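What follows is one structure encoded as structure tokens, with my remarks underneath.
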Amino acid sequence: MTAGKFITLEGVDGAGKSTHLEFVSDWLRQQGREVIVTREPGGTPLGETLRELLLHQHMDPDTELLLMFAARQEHLARLILPALARGAWVVSDRFTDASYAYQCGGRGIATERIAALETWVQRGFQPDLTLLFDVPPEVAQARRSAARAADRFEREADSFFSRVRHAYLDRAQAEPGRIRVLDARHSIAELQAEIGQQLQTLT
Ligand code: TYD
């Protein structure tokens, strides 16, 4: 049993989710919650070391998947679960839906492999709410080009991001109660209003 709640933000690179991370944490703090903001891959010292490798080192797709889950195990055991247990709320920039979207949708790894790792590492644990920032590929592409030097994922072709996007939308369709799709073409003010409404349902 956990006392706090776990919220994740997802979307293709360039959807703009990082912009909204701060809004989510500020909103929750205004409700008097203790909030921990974290990210995947990463969130712990070992996880951040794995992130460096994952974002910059060429590797086999299965290695990539296994390292994502190794980082996730560390993240859950050392940061997420202890924080929730003491009543803090945890907001993570990406979680397991990203593995389904990028490693399954993008790289083509079988869903069953990811599901097996998910069961192993999470033992049924799931986010309480996932905000999926959805944008058409051309919008995401334009936002990515404007950003800093691209990492290994950001250098992928448009077809890769199109598969990632559809894998995310499939997840949302399968789990409409947990995953809320937000149209990331909306203005920041509109999105903040929508995010506030979603967060209200949890408090
Ligand atoms: P991202 O969250 O976009 O960070 P930044 O905004 O600093 O670029 O970068 C993390 C990358 O890792 C992103 O391209 C998606 C990828 N990723 C996966 O492929 N699988 C996963 O399970 C996770 C958590 C991330």
Note to self: Taking each pair of distinct Cα atoms in the chain once, what is the resulting Kirkwood hydrodynamic radius in Å?
What the structure shows: 17.1 Å
Margin query: Counting only other residues whose beta carbon sits under 13 Å from that of Trp120, what net charge do I get with K and R as +1, D and E as -1?
Written below: +1
Next item on the list: With an 8 Å cut-off on Cα pairs and a minimum separation of 6 or more residues, tell me the relative contact order of region 41-108 in percent.
Entry: 35 percent
Check: So, with a 1.4 angstrom probe, what is the percent of accessible area on the chain that is carbon and sulfur?
Finding: 52 percent
Margin query: Looking at the chain as a GNM with Cα springs under 10 Å, which of Arg171, Arg33, Arg148 has the largest mean-square fluctuation?
Written below: Arg148
Notebook entry, point to check: In percent, how large is the relative contact order of the chain, given Cα pairs closer than 8 Å and 6 or more residues apart?
Noted result: 32 percent
Checklist line | Local electrostatic count, Leu191, Cβ distance below 13 Å [Lys/Arg +1, Asp/Glu -1] | finding: -2
Check: What's the extension gain from Glu175 to Ala70 if we count 0.36 nm per residue and subtract their Cα-Cα distance?
Finding: 35.3 nm
Checklist line | Two-site label geometry, Phe23 and Asp62: point separation in nm, points 7 Å out along Cα→Cβ | finding: 4.2 nm
Note to self: Loop only by DSSP, 15 or fewer other Cβ within 10 Å of the Cβ. Give me the chymotrypsin sites (Phe, Trp or Tyr not before Pro) in region 114-203 that pass, ordered by residue number.
What the structure shows: Phe125
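The values are calculated or read from the model by the stated rules, or taken from the named source; none is laboratory data. The shown structure was predicted, so the numbers you read here are calculated from the model rather than taken from an experiment. Positions of Cβ are backbone-derived with ideal geometry, glycine not excepted, and every protein chain shown enters the neighbour counts. These area figures cover heavy atoms from the full protein model, side chains too; ligands, DNA and RNA do not enter into them. Shrake-Rupley method; radii C 1.70, N 1.55, O 1.52, S 1.80 Å.
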